[in-house]
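Structure record follows, encoded as structure tokens.
The values are calculated or read from the model by the stated rules, or taken from the named source; none is laboratory data. For clarity, every value in this text was computed on a predicted model and none was experimentally measured. Methodologically, a virtual Cβ is constructed for each residue, glycine included, from the backbone with ideal geometry; neighbour enumeration extends over all protein chains shown.
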Amino acid sequence: MNDDVAALARRMMQRLDELARFSDEEGKLTRLYLSKAHAEAARQFIVWCNEAGLDAKIDAAGNVFARYEGKEPGAPALMLGSHIDTVRDAGRYDGNLGALAALAVVEALASRGERLDHAIEIVAFGDEEGVRFPTTLTGSRAYAGLFARSALGQKDADGVTMREALAAFGCDPEAVTALRGRNIAAFVELHIEQGPVLESEDVAVGVVTAINGASRFHATVKGEAGHAGAVPMALRRDALAAAAEMMLLVEQRALSEDDLVATVGRVEIEPGAVNVIPSEARFTIDIRAPRDEQRQRAVADLSKRLAAAAAARKVELQMTQTHEARAYTCHPAIVAALKASVERTYRAPARLLPSGAGHDTMIMGQFCPAGMLFVRCNRGISHNPAESITLEDAEAGLAALIDFTRRFSAQAAPSGRATS
Ligand code: HGY
Ligand code: MN
Ligand code: MN
């Protein structure tokens with residue numbers, strides 16, 4: 001059965017360029033959860049779903065869903081998709097590729113009126129990155145029934161709560177906590193690798209075996225503002241100098257072990273004047289590892305080391321945890337089926353590899369059997385406007401996803417299926 005995957009891939013790439021226009025920032029791609037750009041991108045995704053004959057809807061968490069029925073209406077569904085929110089100054093393929101690939105799979109079937117024994121549900125999750133609000137993976141957490149009600153009170157940089165933002169988006173915040181998908185036999189996400197492995201081995205497509213667990217913190221260091229010229233060094237309680245020492249401790253701890261990674265992604269300083277000793281420094285910490293025990297040990301170590309650095313400098317340190325996601329091992333039956341699809345369509349041995357980046361799959365995997373396909377990205381660059389993939393590699397990823405979708409059997413779906 002030879003679909004015109006090349007044409008589907010070309011249209012998918014064009015749509016990724018069109019979707020990239022919807023941004024909250026001039027001249028760069030930044031699409032935050034429940035923002036104007038998210039609403040515009042969601043509306044555009046709905047239009048494309050409608051053009052494919054699908055009735056798409058936005059759920060209480062701001063996710064866009066559409067369903068392509070199987071031979072029998074109401075059959076268990078294979079769910080395909082990813083997220084359409086982005087980081088700041090992002091690339092256009094992270095997340096968006098998977099949402100549009102899910103639509104392209106349905107278009108491949110719908111174009112020939114083909115119906116399978118299972119339904120297909122496609123999803124464009126509204127928040128995976130967790131850039132606007134401290135929590136992350138909000139869309140998939142809500143769908144999997146794992147949304148923490150407390151997140152509704154979290155505020156963005158402008159002091160807007162998630163509850164207010166959901167209501168302004170047209171969603172019912174109260175319904176988010178009750179949101180829970182049903183009758184889903186499995187979830188599969190196509191995503192760019194965001195790392196250099198596939199490119200280094202000249203492979204276009206890979207199958208993900210596991211996803212790193214992650215812990216995120218907001219650290220606040222309080223010292224004492226003072227005159228930059230008049231206060232002797234030994235008498236200072238410089239919040240920024242203390243935070244700088246702590247950031248290096250974060251880096252050194254991660255360097256001490258293989259597979260452990262840690263990042264300080266955002267720093268804010270008060271009062272921020274050239275001739276004032278900083279009184280407060282706030283920074284984020286993101287720590288990840290393939291094994292939860294390894295990550296938790298690093299978190300415990302770092303908490304002690306940062307506290308000791310604060311005491312030595314006579315500054316206050318407050319660490320607030322904002323995110324925790326357990327490492328996820330992709331369902332073996334899904335991995336095996338994806339591997340077979342890659343080998344059938346790509347005609348080369350499938351490269352199996354872990355994911356250092358987090359994905360909606362790690363949440364959906366707590367709800368139903370789940371797995372991922374990776375597409376090579378240029379120089380492994382991601383979370384960066386230089387992020388790019390080739391049309392050929394997009395086509396290879398799509399071909400494998402279509403093959404998997406056709407051969408998937410909800411009846412034979414691995415255990416651990418969501419209850420309806
Ligand atoms: O941070 C991550 O791993 C993902 O890109 N949200
Ligand atoms: Mn992503
Ligand atoms: Mn990302």
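Listing for the model above:
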item: Residue, nearest to ligand 1 (Cβ to nearest atom), within the range 95-130, restricted to residues that are under 14 Å from A41 (Cα atoms) and in a loop (DSSP other than H, G, I, E, B); result: G95
item: Condition met for A99 (within 16 Å of ligand 3 (Cβ to nearest atom) and either more than 22 Å from E387 (Cβ to Cβ) or not aromatic (F, W, Y) (or both)); result: yes
item: Search result, residues across the range 147-185 that are closer than 18 Å to G81 by Cα and either over 20 Å from the mean Cα position of the chain (by Cα) or touching a residue at least 40 places away in the same chain (Cβ under 8 Å) (or both); result: L179, G181, R182, N183, I184, A185
item: Number of positions in the range 342-369 that are under 18 Å from T405 (Cα atoms), within 16 Å of ligand 1 (Cβ to nearest atom) and aliphatic (A, V, I, L, M); result: 1
item: Filter result for the condition that a residue is within 23 Å of R11 (Cβ to Cβ), assigned by TED's automatic domain parsing to the domain that holds I381 and modelled with pLDDT under 95, over R92, R43, R31, R112; result: R112
item: Search result, residues across the range 115-153 that are of a type in the set (K, R) and either surrounded by 17 or more Cβ atoms within 10 Å (Cβ to Cβ) or modelled with pLDDT of 95 or more (or both); result: R115, R132, R141
item: Residue match in the range 296-318 (condition: part of a strand (DSSP E or B), exposed (fewer than 13 other Cβ atoms within 10 Å of the Cβ) and at pLDDT 95 or above); result: yes
item: Conditions (1) within 16 Å of ligand 1 (Cβ to nearest atom); (2) surrounded by fewer than 16 Cβ atoms within 10 Å (Cβ to Cβ); (3) not assigned by TED's automatic domain parsing to the domain that holds N96; number of the one not met by N384; result: (3)
item: Selection from the range 389-400 of residues that are within 15 Å of ligand 2 (Cβ to nearest atom) and in a loop (DSSP other than H, G, I, E, B); result: I389
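Results for (1) over 30 Å from D393 (Cβ atoms); (2) within 16 Å of ligand 2 (Cβ to nearest atom), shown as yes or no for each residue.
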residue: V208; (1), (2): no, yes
residue: V231; (1), (2): yes, no
residue: A243; (1), (2): yes, no
residue: V250; (1), (2): yes, no
residue: L260; (1), (2): no, no
residue: I269; (1), (2): yes, no
residue: I287; (1), (2): yes, no
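For (1) within 16 Å of ligand 3 (Cβ to nearest atom); (2) in contact with a helix residue (DSSP H, G or I) (Cβ under 6 Å, 6 or more places away or on another chain), each residue gets a yes or a no:
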position	(1), (2)
V64	no, yes
G70	no, no
A75	no, no
G81	yes, yes
V105	no, yes
G113	no, no
H118	no, no
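Listed here are the residues, each with its yes/no results for (1) touching a residue at least 40 places away in the same chain (Cβ under 8 Å); (2) within 16 Å of ligand 3 (Cβ to nearest atom); (3) not in a helix (DSSP H, G or I).
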| position | (1), (2), (3) |
| --- | --- |
| V342 | yes, no, no |
| L352 | yes, no, yes |
| H359 | yes, yes, yes |
| M362 | yes, yes, no |
| C368 | yes, no, yes |
| H383 | yes, yes, yes |
| E387 | yes, yes, yes |
